[in-house]
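Note sheet for the following structure.
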Amino acid sequence: MRAVVLAAGYGTRLERDVRADVTGVHSHLLGCPKPLLPVGALPLASHWMRALGEANARGHHVEHVYVVTNELFHAKFKAWAQDYGPFVTVVNDGTTQNEERLGAIACLQLVVEQCGLQEDHTIVIGGDTLFYEDFNLSAVIDRFFGLQEHRGPECSLVLSYSCADHRPRSLAILEVDETRKVTAFLEKPSAKETSSRRA
């Protein structure tokens, strides 16, 4: 099993908000990609690495982590990845500005093709996703393999959460049918475009 961390966003809203803060309290965050923002004592992405390590300690075999980022933040992720040695590979999507970004699916495809992940189970992580302390990645992996046994090897598992009615415009939203099968992914839709509030 492998993990792919999607980290190729440019954090334009975060950058704008930090620049607009007249107090300067958060000015040290300028130029910091969201997955490397400090959360407690660690960058956000390091919390995911800890969760992957705990899953391995519980008998799951996440052999390698691929982080896909852009040219702007590539060096910062390479420096961060040094703490994890050969367990982490940083992949550069080649983009240099927000208007060129590939998007999550294209970045995932880039890593799958470039790193040969076509035949392996893959955990896909939104690099800027924060999880609660009681989040148990091992339980998620167990659930995935249970679904694979029950429904077949083509089955996937997608985790989502409910968002507030006013939030869809700032999030990627998924739509599901009555069996909770994903039927569509919508990138930052207006509240009128979908009744779904699953982010």
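In the stretch 96-199, counting only strands (runs of 3 or more DSSP E) that sit wholly within it, the ones holding 3 or more residues that are in the same structural domain as V39 (by TED's automatic domain parsing) span 122-126. Of the residues that make up the stretch 131-138, is at least one on the phi > 0 side of the Ramachandran plot and surrounded by 12 or more Cβ atoms within 10 Å (Cβ to Cβ)? The answer is no, given that none of the residues of the stretch 131-138 is on the phi > 0 side of the Ramachandran plot and surrounded by 12 or more Cβ atoms within 10 Å (Cβ to Cβ). Has the stretch 167-177 got any residue that is touching a His at 6+ places or on another chain (Cβ under 9 Å) and modelled with pLDDT of 90 or more? Within the stretch 167-177 (the criterion being touching a His at 6+ places or on another chain (Cβ under 9 Å) and modelled with pLDDT of 90 or more), the answer is no, since none of the residues qualifies. Checking V140, V158 one by one, the residue that is among the hydrophobic types (A, V, I, L, M, F, W, C) and closer than 18 Å to M49 by Cβ is V140 and no other.
Suppose we keep only residues that are in a loop (DSSP other than H, G, I, E, B) and among the hydrophobic types (A, V, I, L, M, F, W, C) within the stretch 9-63. Which one would you say is surrounded by the most Cβ atoms within 10 Å (Cβ to Cβ)?
Among residues in the stretch 9-63 that are in a loop (DSSP other than H, G, I, E, B) and among the hydrophobic types (A, V, I, L, M, F, W, C), the one surrounded by the most Cβ atoms within 10 Å (Cβ to Cβ) is V62.
Going residue by residue through the stretch 177-187, is there one that turns out to be over 25 Å from P43 (Cβ atoms), small (G, A, S) and surrounded by 11 or more Cβ atoms within 10 Å (Cβ to Cβ)? Yes, the stretch 177-187 contains a residue that is over 25 Å from P43 (Cβ atoms), small (G, A, S) and surrounded by 11 or more Cβ atoms within 10 Å (Cβ to Cβ). The set of residues in the stretch 44-91 being in contact with a Phe, Trp or Tyr (Cβ under 9 Å, 6 or more places away or on another chain) and among the acidic types (D, E) consists of E63 alone. On inspection, A51 qualifies as within 16 Å of the chain's Cα centre (by Cα) and either modelled with pLDDT of 95 or more or among the polar types (S, T, N, Q) (or both). Looking only at residues that are of a type in the set (F, W, Y) and closer than 22 Å to G103 by Cβ in the stretch 54-83, which one is nearest to the chain's Cα centre (by Cα)? The residue in question is Y66.
The values are calculated or read from the model by the stated rules, or taken from the named source; none is laboratory data. These numbers were taken from a predicted model, which means no experiment stands behind them. Every residue, glycine among them, receives a Cβ derived from its backbone with ideal geometry; neighbour counts consider all protein chains shown.
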